[in-house]
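Below is one structure; the comments refer to it alone.
The values are calculated or read from the model by the stated rules, or taken from the named source; none is laboratory data. Note that the coordinates shown come from a computational prediction; the quantities given were computed from them, not determined experimentally. No Cβ is skipped: glycine too gets one built from the backbone with ideal geometry, and neighbour counts run over all protein chains shown. The protein model used for the area step is the full one, side chains on, heavy atoms only, and it has no ligands, DNA or RNA in it. Shrake-Rupley method; radii C 1.70, N 1.55, O 1.52, S 1.80 Å.
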Amino acid sequence: MAQHIVRSAIAGSLLALAVSACGTATGTAVGAGAGAAVGAGTGYGAGKGALIGAGVGAAAGAVYDITKHNN
């Protein structure tokens, strides 16, 4: 079950990365995929890892968007 969640999260992350031009959305998707993978790998739980990763990725993507907008 955890592997299915991780694979789905990674596939969704890659799709969002390819389609989205928004750094916040891309950061969220990539963070969720990475968090799910780490959470499943460590036994913490793919769902919890995806939530934490999505939050961190969204924050990083927003910072990226702001810095690129100001250049």
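Just a few scattered comments:
- Answer residue from the stretch 34-71, given it is outside any helix (DSSP H, G or I) and within 20 Å of H4 (Cβ to Cβ) and is most open to solvent (accessible area, probe 1.4 Å) among those: Y44
- Here I10 passes the criteria (1) of a type outside the set (S, T, Y); (2) closer than 16 Å to Y64 by Cβ; (3) modelled with pLDDT under 75 except the one numbered (2).
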